[in-house]
1. Gain in length, Val202 to Arg109, computed as 0.36 nm per residue apart minus the alpha-carbon separation, to one decimal in nm?
2. How many angstrom separate the Cα center of the range 258-277 from the Cα center of the range 1-60?
3. Could you work out the helix-only [θ] at 222 nm for the chain, with each DSSP H run of four or more residues adding -39,500 (n - 2.57) and the total divided by the number of residues, to the nearest 500 deg cm²/dmol?
4. Order by neighbour count: Glu146, Glu61, fewest other Cβ atoms within 10 Å first, most last.
5. What is the dipole size for the chain, taken about its Cα centre, with +1 at each Lys and Arg Cβ and -1 at each Asp and Glu Cβ, in debye to the nearest 20?
6. Take the residue pairs Lys27/Lys176; Lys176/Lys199; Lys27/Lys206; Lys117/Lys176; Lys8/Lys213 and return only those whose Cα atoms are more than 31 Å apart.
7. Given H placed 1.01 Å from N in the peptide plane, which residues other than close sequence neighbours of Leu122 have an amide H under 5 Å from its amide H?
8. Calculate the FRET efficiency for Glu192 and Arg247 from the Cβ-Cβ distance with a Förster distance of 35 Å, rounded to the nearest 0.05.
Amino acid sequence: MTEQAIRKVGFIGLGIMGRSMAANLVKAGFDVTVWNRTAARMQPLLEMGARGASSPRAVAEASEAVITIVTDSDDVEQVLFGPEGAAHGARPGTVVIDMSTISPERTRRMAARLAEKDVHMLDAPVTGGDVGARDGTLSIMVGGDEGVFRRCLPIFEAMGRHIVHVGPSGAGQTVKLCNQVIVALNLLAMGEGLAFAAKAGVDLEKMLSVVQKGAAGSWALDNLAPRVLRGDYAPGFMVKLQQKDLRLALEAAAGMNLPLLGTSLVQQLLRSVQAYGGDDDGTQAIVTALERVGNFRLRGSADERPRENK
Ligand code: NAP
């Protein structure tokens, strides 16, 4: 491996997170080549100066490091090892950086497969949401070889602010699942706090403005509660993706014989949101399940929108 700085970065997956992260790499001066399954989503990046590629393989052929941020473990496997996958275009020494949230175990297996081709893999999932992706303030937890991590640090610094190498391959994904357990319970805490306030008849904005500055403060209170009060259930982070992450956390916990009581409860509440057609809503829609359970309404409730009962 040469110690030259990496300038050519490939980017696969221009969804809610990826499009902003790729844009920040372009703005930081990297030579960025992008690919997205739905090609139209590449257009804004091309207008900013990124190059477009016809496949993940072509991205890897043009790049020294290839970032993937797609949905689940199968999707990462598809863009890496599918017929036109990046692994087929990667030269020895290339670094694959997977920033999706996927299974730690599947990550280790993919890293081992890539290592057979002398291709390095870092798992580097993120937290900070759509806002952090846009502002370049993500937290990034990285698993894999520490020397490879250090070489990729300028890439991470273009997208995030708190960047920590947390251990060997898969450790980044494990830390991300810890994060998702905590996020899930903060989401429930936000929802129950709003429910209490609404039922008690206190002013929701005033309650929020004071408690978010004290011991109850959280990312959910700062970023999601205001959306709830505006009746804004657009994602941010989609319910179906949070459910994917809770499935991954609960599967890993089961493998360790670890009960996760609160996490299971949040999963069931979000399942109720899904049952009412809310798969693509932001996770703040957990309040709509609490409204049904507690027979109350918050202002701007998603329940006031027409919904197909699935
Ligand atoms: P998203 O908006 O649904 O974007 C998903 C992206 O993956 C799209 O570009 C999609 O392509 C692509 N994709 C999915 N399956 C694919 C496949 N089999 N082959 C090729 N491309 C595929 O999701 P997101 O919110 O950006 O999340 C992406 C990842 O980041 C997920 O693992 C999520 O858990 C994680 N994450 C999200 C957040 C957040 O707040 N949103 C925060 C932290 C971590 P198309 O455009 O063709 O659909």
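Nothing in this text is a laboratory measurement; each read-out follows from the coordinates by a stated rule. It should be emphasised that the depicted structure is a prediction, and the values quoted were computed from it without experimental measurement. Because the Cβ atoms are built from the backbone with ideal geometry, glycine has one as well, and the counts that use them run over all protein chains shown.
1. Taking 0.36 nm per residue and subtracting the Cα distance, the gain is 28.3 nm.
2. 35 Å
3. Computed ellipticity for the chain at 222 nm equals -14500 deg cm²/dmol.
4. Ascending Cβ contact count within 10 Å gives the list Glu146, Glu61.
5. Charge dipole of the chain: 320 debye, to the nearest 20.
6. Lys176/Lys199; Lys27/Lys206; Lys8/Lys213
7. Val96, Ile97, Asp98
8. 0.95
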